[in-house]
Amino acid sequence: MIWDKDPGRVQMAKTIADAMKNALAPDGTELVMDYGTGTGNLALGIAPYVRRIIAVDSAKGMLLVLKEKLVTVGITTIEPREWSIGQDTADLPVFDLIVSSMTMHHVRDTAAAARTFHQLLQPGGRIAIADLDSDNGEFHKAPGIAEHNGIDRKDLQQVFLESRV
Ligand SMILES: C[S@@+](CC[C@H](N)C(=O)[O-])C[C@H]1O[C@@H](n2cnc3c(N)ncnc32)[C@H](O)[C@@H]1O
């Protein structure tokens, strides 16, 4: 999988994992969803600080790479699962934390994502999202890769605030 061949991407996920760990201050008991986990770089950065992570992605190929990495490093607290917004949530538990990095700009209906995340959270649960800022298409130059040319962070925050139940 070429994703991990770019050291910049791996480093970015590590930086995001550190920032989320510092902001969320997990106490080691948390059940976490990593949405759009890809090859699991964010999940791997957060795993030492939480109880368990369900690492979901819509792409089988990404999850296969993650599964291989987990066997190689011997981590058993990350569970890769194929899932995306719009699919049945019945098999998912409720989470203490939902984290996501560089995925929301690939999700067409961010309001549906926000509603689903809130439904999947324990009372008092928290969501942490790191994503591409609005960029007029400079990051994803080829058409059809992303649903949004980045995400305006204030707009996204508003979408999530409005979707709280
Ligand atoms: C840019 S990668 C980010 C991977 C990882 N979070 C990281 O930061 O290294 C985006 C990931 O989101 C996944 N993805 C895109 N749309 C998705 C969707 N609607 N539901 C779940 N995963 C999605 C892609 O398959 C890909 O693995």
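Some values worked out for this structure:
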{"item": "Residue match in region 30-48 (condition: surrounded by fewer than 23 Cβ atoms within 10 Å (Cβ to Cβ), hydroxyl-bearing (Ser, Thr, Tyr) and either farther than 28 Å from GLY150 by Cβ or at pLDDT 95 or above (or both))", "result": "no"}
{"item": "Residues located in region 111-131, provided they are over 17 Å from THR37 (Cβ atoms), buried (at least 20 other Cβ atoms within 10 Å of the Cβ) and within 11 Å of the ligand (Cβ to nearest atom)", "result": "none"}
{"item": "Hits in region 21-45 - residues which are in a helix (DSSP H, G or I) and within 11 Å of the ligand (Cβ to nearest atom)", "result": "ASN41, LEU42, ALA43, LEU44, GLY45"}
{"item": "Selected residue [hydroxyl-bearing (Ser, Thr, Tyr) and free of Cβ contacts under 8 Å to residues at least 40 places away in the same chain] from THR72, THR103", "result": "THR72"}
{"item": "Residue in region 52-60 that is under 19 Å from ASP131 (Cβ atoms), of a type in the set (Asp, Glu) and within 14 Å of the ligand (Cβ to nearest atom) present", "result": "yes"}
{"item": "Selection from region 57-81 of residues that are farther than 15 Å from VAL107 by Cβ and part of a loop (DSSP other than H, G, I, E, B)", "result": "GLY74, ILE75, THR76, THR77"}
{"item": "Hits in region 5-29 - residues which are at pLDDT below 95 and among the acidic types (Asp, Glu)", "result": "ASP6"}
{"item": "Single condition SER84 does not satisfy, out of (1) among the hydroxyl-bearing types (Ser, Thr, Tyr); (2) over 22 Å from HIS105 (Cα atoms); (3) within 9 Å of the ligand (Cβ to nearest atom)", "result": "(2)"}
{"item": "Residue among LYS60, LYS69 that alone is surrounded by 14 or more Cβ atoms within 10 Å (Cβ to Cβ) and either modelled with pLDDT of 95 or more or closer than 21 Å to LEU121 by Cα (or both)", "result": "LYS69"}
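The values are calculated or read from the model by the stated rules, or taken from the named source; none is laboratory data. On a predicted model such as this, the values are computed, not experimentally measured, just so you know. No Cβ is skipped: glycine too gets one built from the backbone with ideal geometry, and neighbour counts run over all protein chains shown.
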